[in-house]
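Peer 1: This is the structure I want to talk about, given as structure tokens.
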Amino acid sequence: MALYTNTVTVKGYLGKDAETFATKNQKTVVVLSLATKSGYKDQQTNEWVNRTEWHRIVAFGKPADYAKGLKKGDYVEVEGELRSTEYQKEVGQGKSKVKVTFRDKEVRANTVKKLAVPAKGENLDADPITEDDAA
């Protein structure tokens, strides 16, 4: 049993074509912009409220080789490690400049899979939970 686990799985649609870059050592890096959605029913208005979350996916090696051919609108599943980067930036002008610390999050992809797009009108999230699925 592992003492620590940092594994994330995200499934959604690409917001733009895969971006391919080369490192200083001429290794391929691919960056994906993946959208996931979640929602809830507002109790006061009785209407659904949807929220889109954007994820930055970074792939190296074999996952990058596969991901570089992906296009906007592709339905994909990515498994990887959640990473954060911290940096400081000066904000403001003149004497009112302040150093602000920012933190970015990204998923370092271990696997990238292109999935078949669900049939129109098919809501996979609405499937009933069976006894086998229950914890």
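Peer 1: In whole percent, and with a 1.4 Å probe on the protein chains, what portion of the accessible area of the range 6-122 is carbon and sulfur?
Peer 2: That fraction is 47 percent.
Peer 1: Which FRET efficiency, nearest 0.05, do Thr52 and Thr23 yield, Cβ-Cβ r, R0 35 Å?
Peer 2: Taking R0 as 35 Å, the efficiency between Thr52 and Thr23 is 0.70.
Peer 1: Something else: In a GNM of the chain with a 10 Å cut-off on Cα contacts, which of Gly80, Gly92, Gly61 has the highest mean-square fluctuation?
Peer 2: Residue with maximal mean-square fluctuation among Gly80, Gly92, Gly61: Gly92.
Peer 1: If I take every Cα pair under 8 Å that is 6 or more residues apart in the range 1-62, average their sequence separation and divide by the length, what percent do I get for the relative contact order? All intermediate terms of the calculation are to be shown ahead of the outcome.
Peer 2: Values: 90 pairs, mean separation 18.1, N = 62.
Relative contact order here is 29 percent.
Peer 1: Which of the residue pairs Lys71/Lys105; Lys11/Lys71; Lys37/Lys72; Lys41/Lys113; Lys11/Lys105 have a Cα-Cα distance greater than 19 Å in the structure shown? Could the numbers behind the result be given before it?
Peer 2: Numbers: Lys71/Lys105 22 Å; Lys11/Lys71 15 Å; Lys37/Lys72 16 Å; Lys41/Lys113 31 Å; Lys11/Lys105 17 Å.
With Cα atoms farther than 19 Å apart: Lys71/Lys105; Lys41/Lys113.
Peer 1: Given a 1.4 angstrom probe, what's the average accessible area per residue across the chain, in square angstrom?
Peer 2: I get 80 Å² per residue for this part.
Peer 1: Which value results for Rg/Rh of the range 1-77 when Rg is the Cα radius of gyration and Rh the Kirkwood radius based on the inverse mean 1/r?
Peer 2: 1.14
Peer 1: The list (1) 16.9; (2) 17.9; (3) 13.9 gives values of Kirkwood radius over Cα pairs in Å, and only one came from this structure; which label was calculated from it?
Peer 2: Read-out from the structure maps to (2).
Peer 1: Same structure again: Let me check I've understood the local charge: for Thr101, count other residues with C-beta under 9 angstrom from its C-beta, Lys and Arg +1, Asp and Glu -1. What total comes out?
Peer 2: +2
Peer 1: So, one more: Among Lys62, Lys27, Lys71, determine the one that fluctuates most according to a GNM of the chain built with springs between C-alpha atoms less than 10 Å apart.
Peer 2: In this elastic network of the chain, the residue with the biggest mean-square fluctuation among Lys62, Lys27, Lys71 is Lys27.
Peer 1: Would you mind telling me which residue in Val30, Val78, Val98 has the biggest mean-square fluctuation in a Gaussian network model of the chain, where springs connect alpha carbons within a distance under 10 angstrom?
Peer 2: Val98
Peer 1: Another one. Quick one: accessible surface of Glu47, probe radius 1.4 Å, all protein chains present, in square angstrom to the nearest 10.
Peer 2: About 120 Å², rounded to the nearest 10.
Peer 1: What is the calculated FRET efficiency for Lys41 to Ala119, with r their C-beta to C-beta distance and R₀ = 30 Å, to the nearest 0.05?
Peer 2: Approximately 0.80, to the nearest 0.05.
Peer 1: In addition: For the pair Arg83 and Leu3, how long in nm is the line joining their label points, each one 7 Å along Cα→Cβ?
Peer 2: Inter-label distance under the simple model: 2.2 nm.
Peer 1: By accessible area of protein heavy atoms, probe 1.4 Å, what ranking do Val117, Val58 get, highest first?
Peer 2: Sorted descending by solvent-accessible area, the residues read Val117, Val58.
The values are calculated or read from the model by the stated rules, or taken from the named source; none is laboratory data. Note that this is a predicted model, so its numbers are computed, not measured. Reconstructed Cβ throughout: ideal geometry from the backbone, glycine too, with neighbour counts over all protein chains shown. To get the accessible areas, we keep the full protein, side chains included, count just its heavy atoms, and leave off ligands, DNA and RNA. Shrake-Rupley method; radii C 1.70, N 1.55, O 1.52, S 1.80 Å.
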